[in-house]
Structure formats: C-alpha cells, structure tokens
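Heads up, the thing below is written out as structure tokens.
Since every read-out is calculated from the coordinates, none of them should be taken as a lab result. Since the model is a prediction, treat every value here as computed from it, not as a measurement. Cβ coordinates were reconstructed from backbone atoms using ideal geometry, including for glycine residues, and neighbour counts include every protein chain displayed.
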Amino acid sequence: MSIGEQLTDWLTDELASAVTVENLRRTTAGFSRENWLFDATWEGSTHPLIARRDPAGGVLSTDRQVECAVLEALQHTDVPAPKLRWADIAGHRLGRPALIMDLVPGTCDSFVLNGDRPLSERLVLAHRIYDRLADIHLVDWRDSGLGRHLANPGNQAAAMALAHWETELAKVKAEPEPELAFVLSWLRANIPTNEAVTLVHGDFKPGNLLLDNDEVTAVLDWETAHLGDPHEDLGWITNPLRAYEHQIAGTWEPDDLFQRWSEMTGMTVDVGRVQWWRVLANVKLTVIALTGVHSFLDRRSDRVFTNPIPLFALMLDQIGA
Amino acid sequence: MRPTVSEQLEGVSAILTGIVADHLDDDYTRDVLLGAANIVLLLSRTWHGIPEFLRWDSAATAAILTMVGQTPPPPADALDIPALEKHHRHVRDCLEKSMPLIIADEAARAATVRHFRERVARFAFLAHKDN
C-alpha cells in the first residue's frame, strides 16, 4: 500500500468520514524524520497537513510520546508550535511511528540572519527569533502539565544530559573514539550545577522555525525537548560552529544575545557554564553524526554519513587542550 | 591501468549526475542520488591517500601508547588494506582504553592532544586534495 493510501485510511478512520489525500510530496529537508506534505479534504474543507514519520535509519533516537506531550502542552503557551492532529506512536499506520500536524504557513531559511537584507531588518528578525527562545524558557512547565511527561533533573541537568549522550554514544559507536573519550573526561571533571529548570528546546535554530511576514509562525522539531538548564540552549545557539546560522558578525554576537535573553527572561547568564554546554553541544553533534554512520552501516539510511573528525579540533580548543 | 580506480569512480559520479539525475522527477530521490554521486566523486579523489593515513595514525598512536607503558599491537602488512584497517582499529581501541593513564601523565597528554590535532589536519587535507 502506498503512503498516500495509508494516510487516506488513517484519516478516514480518525474522522469517520470520507477523506481524499492530494498533492502528496516528500520534502528533502531534515535527516531525523521523513516529512510528507499533503492536502486532505473532508466534509468539503481542504486542510494542508504534514506527516512526520520516523526514518528507517536516522540521526536521532527520540521518544515520540514525549514529543506529543510537548506539542500539546505548547498549545496553551506563548510559544508558536504546530498543532498536533493525530499520532501513531506504535507505527501501525505508516509502518513506523508518525505524527500528523497542521501545516503552518511560513518559510524556513537556516541562514536568514546572514541573507542579503539590510542589517537593521536582520537585527529586528534576530530579536523576534531569539525572543521565542526566551518564551520557551519562560513556559510554566509545572502548570502546563509537562512535568508529568518530562523528567525533572533538579540541579543536575548537566550530569543528566552528559549521561544521556554517553548512553546514546554507546548505542551507536561503530569503532573506538579516543578523542571523544578525552573530551568526555573533561566534561565529567567539570560538570556544573544549575539553579533554574526550564523547558529546553534542544535544537533551536532558524532552520527549525517558520517565518511569515517576518513573524515566527512556528517553532519546529520538538523531538529533543526536555526539562533542563536553559544554558543548554544558550550553548547550542552560541556554538562557534553554527555562528553563521545564529549570529550577525559585529551586531548580534553571543554577548548581545545573552543580554537580550536576560532582559526577556529575568535570568542571568553564567558564561563559564555556557562554555561547558558548548562542548556538550559538539559531543551531541558528533553523536548525531555517528548515529547516521550507524544507520548507514546497517543499510537503514539513504545517505552516506562519515566520521565527524573535524569537530574534534573545535572541542579541543573549547576545553583549552 | 586505465581507467584507473579514480577515473572509474569519477566516471560513475558523472554518469549519475549527468545522465541518471536528469530523468528523476521526484525531488527527494534526486537529492539522494546527487548526495551519493558526490560521495563517489570525493572517494575518487581521496581513496589512494587512505592507506598512508591509516599507517601514519597507527604508528603515531602506538608511540603514545608506549609513553604510558602500554604495548601496542605489531604493525600490519602495509599492502594489505583490510589488515591495516583492523590494526588501526586495534591501536585506537588501546588508546581509548588508556585514556585515564594518558590524562594523568602530562607528557603523554600533551603528545595525545598534538596527535589529535595533527590527525584532524591530515584528514582535512586528505578530504580536500584534488586527484
């Protein structure tokens, strides 16, 4: 049965009504999920939707149940997120776990902050984008019920995150990685504690946002969301490796970003702690790449992933080695 | 012997991008094909440098292991690529397991960091050099 037929059957059962699925196409964006865009018509109305199916072999191993809980909780907050329509966690409908969401209007541009628009416009856009990150950190996760689905790390967010990524590494490691052993040893020896516990996006970037008329219409890709130290997101967005996505040289650099974030959240930034999270961000990127390698070696991937050796030089710089 | 391995790989990449890709209507499939063709092209330019990289990396790693009193496995036959790869994995495994000893020894730690950096530089050179 084709994926179009599978989607038609799924929606027909959910709606108890005749449904037609048209304009089905798979986007080329994203390695962590298959994204299928389509129009579904029922009871005389047409609805643009997106189905996101787990790939046979991807670059991330995440919990779909948690993602659903986050998406549902966000509907009652200031954070713009896609509306979840239906979820099939067991993978009975499309062969693998899948979610169907409303297709939010807007376009995605990973490098929008360094495009050819005037600097003043890009700076306004930077504020709008990173104010949404502050909104995420201000979500009242206890009140929204997220505490029932996400583990609260208390003041041990860094230790918990490190343990998580070490576990993920052990699952996918195909060969010895002495450089990672060296960096992980530094991370273990320098684990910080945290005061605040907030919702953390885990992969906040312009490439995970939709913009419509320069407004953020949706923050996407909540599969790595969890409760933790907001410094984790600050380390992720100020990782030098991703500067061209997140920063505008000379105008919107880490200090500007931290100042704006502090004004919006009322929280202070511990720059030393951000640095620890930057190192973990690169360990995380390495594990993501190695997950891709693992999928490729298992013949579950349609892309060739290779060992991310160049990341090691950056991590050595970051730990002062 | 013509066509050389590099010429064959480069030719296959050109067939995929210049002939096959034009006949694919589906954007996703085309994207996957072009990605695969690019890897084949990259291999055409780098494959012959890999044995030397493995030999150098293994020898330098073995020297670090010796600094912390570990006995590295004997080198492999330089013309036997699978044996070179196996030996390379073995010495890298020894290095990973010796990390607590290395971190505790200032000279070994410094040598290891130097080696890690040179390894990145040599890998980058290998990945970018033209045939």
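Could you pull out every one of the lysines with an alpha carbon less than 20 Å from that of A:Lys173, ignoring same-chain neighbours closer than 8 positions?
A:Lys284, B:Lys86, B:Lys97
Toward the positive end of the charge dipole of chain B, about the Cα centre and with charges on Cβ (Lys, Arg +1; Asp, Glu -1), which of B:Ser6, B:Thr29, B:Thr112 goes farthest?
Farthest towards the positive pole: B:Thr112.
Looking at chain A, identify the longest residue range that excludes and avoids all GluC sites (Glu not before Pro) in DSSP loops having at most 14 other Cβ atoms within 10 Å. Don't jump to the answer; show the numbers that get you there.
Details: sites that count: A:Glu43, A:Glu195.
Here the longest run is A:44-194.
For an R0 of 30 angstrom, estimate the FRET efficiency from the Cβ-Cβ distance between B:Leu34 and A:Lys173 and round to the nearest 0.05.
Step by step, r from the Cβ atoms, then E = 0.55.
Separation of the stretch B:76-92 and the stretch B:1-19 by C-alpha centroid, Å?
Using only Cα atoms to place each centre, the spacing works out to 28 Å.
A:Leu241 label point, 7 Å along Cα→Cβ, cut-off 14 Å on backbone N: hits in the stretch A:172-199?
Those under the cut-off are A:179-181, A:183-184.
Label the stretch A:197-286 by shape, choosing from rounded, prolate and oblate, from the square roots a ≥ b ≥ c of the eigenvalues of the Cα gyration tensor; if a/c is under 1.5 it is rounded, and otherwise prolate applies when a/b is larger than b/c, oblate when it is not.
On the way: a/c = 1.27, a/b = 1.13, b/c = 1.13.
It is rounded, given that a/c, with a ≥ b ≥ c, falls under 1.5.
Classify the protein assembly as shown as rounded, prolate or oblate from the Cα gyration tensor: take a ≥ b ≥ c as the square roots of its eigenvalues, call it rounded if a/c is under 1.5, otherwise prolate when a/b beats b/c and oblate if not. Walk me through the numbers before you get to the answer.
Working: a/c = 1.87, a/b = 1.28, b/c = 1.46.
In terms of gyration-tensor shape, oblate.
What does the charge count around A:Ser32 come to, taking other residues whose C-beta lies under 10 Å from its C-beta (Lys +1, Arg +1, Asp -1, Glu -1)?
-3
Below 9 angstrom from the Cβ of A:Gly106, what's the summed charge of the other residues (Lys, Arg +1; Asp, Glu -1)?
-2
Please give me, ordered by residue number, the GluC sites (Glu not before Pro) of the stretch B:1-100 that lie in loop per DSSP and have at most 11 other Cβ atoms within 10 Å.
Hits after loop and neighbour filter: nothing returned.
Using Cβ contacts closer than 10 Å as the measure, can you line up B:Phe53, A:Phe38 from fewest to most? Before the final figure, lay out each step's value.
Details: B:Phe53 17, A:Phe38 22.
The fewest-first ordering by Cβ neighbours comes to B:Phe53, A:Phe38.
Just to confirm the number: angle between the C-alpha axis of helix A:64-74 and the first principal axis of chain A, 0 to 90 degrees, nearest 10?
With both axes taken from Cα atoms, the answer is about 90 degrees.
Could you work out the longest stretch of chain A that avoids the trypsin sites (Lys or Arg not before Pro) located in DSSP loops with at most 16 other Cβ atoms within 10 Å? Walk me through the numbers on the way to the answer.
Numbers: sites that count: A:Lys83, A:Arg142, A:Lys173, A:Arg299, A:Arg300.
Maximal segment without exposed cleavage sites: A:174-298.
Quick one: net charge of A:Arg128's neighbours, Cβ under 12 Å, K/R +1, D/E -1?
With Lys, Arg at +1 and Asp, Glu at -1, the net is -3.
Using the Cα gyration tensor of the stretch A:1-95, with a ≥ b ≥ c the square roots of its eigenvalues, what is the shape: rounded (a/c below 1.5), prolate (a/b larger than b/c) or oblate (neither)?
Verdict is oblate for the stretch A:1-95.
Give me the angle, in degrees from 0 to 90, between the Cα long axis of helix A:119-138 and the longest principal axis of the Cα atoms of chain A, rounded to the nearest 10.
Tilt relative to chain A: about 90 degrees.
Multiply the residue separation of B:Glu106 and B:Ala127 by 0.36 nm, subtract the distance between their alpha-carbon atoms, and state the gained length in nm to one decimal.
On the way: separation 21, 0.36 × 21 = 7.56 nm, distance 3.17 nm.
The B:Glu106-B:Ala127 span can extend by a further 4.4 nm.
Sum -39500 (n - 2.57) across every DSSP H segment of at least 4 residues in chain A, then divide by the residue count to get the 222 nm mean residue ellipticity, nearest 500.
It lands at -13000 deg cm²/dmol.
Spin-label point model (7 Å from Cα, Cβ direction): what's the A:Asn190 to A:Asp298 distance in nm?
With each label point 7 Å from Cα toward Cβ, the separation is 3.3 nm.
Once Lys and Arg get +1 and Asp and Glu get -1 on their Cβ, which of A:Trp42, A:Asn208, A:Gln275 lies farthest toward the positive end of the dipole of the protein assembly as shown?
Farthest towards the positive end: A:Gln275.
Which order results if A:His127, A:His231 are arranged by neighbouring Cβ count within 10 Å, fewest first?
The most exposed by this proxy come first: A:His127, A:His231.
Taking the Cα centre as origin and putting +1 on Lys and Arg beta-carbons and -1 on Asp and Glu beta-carbons, what dipole magnitude results for the stretch A:108-161, to the nearest 20 debye? Present the calculation step by step, with values, prior to reporting the outcome.
Details: 6 positive and 7 negative charges, 24 e Å.
With Lys and Arg at +1 and Asp and Glu at -1, about 120 debye.
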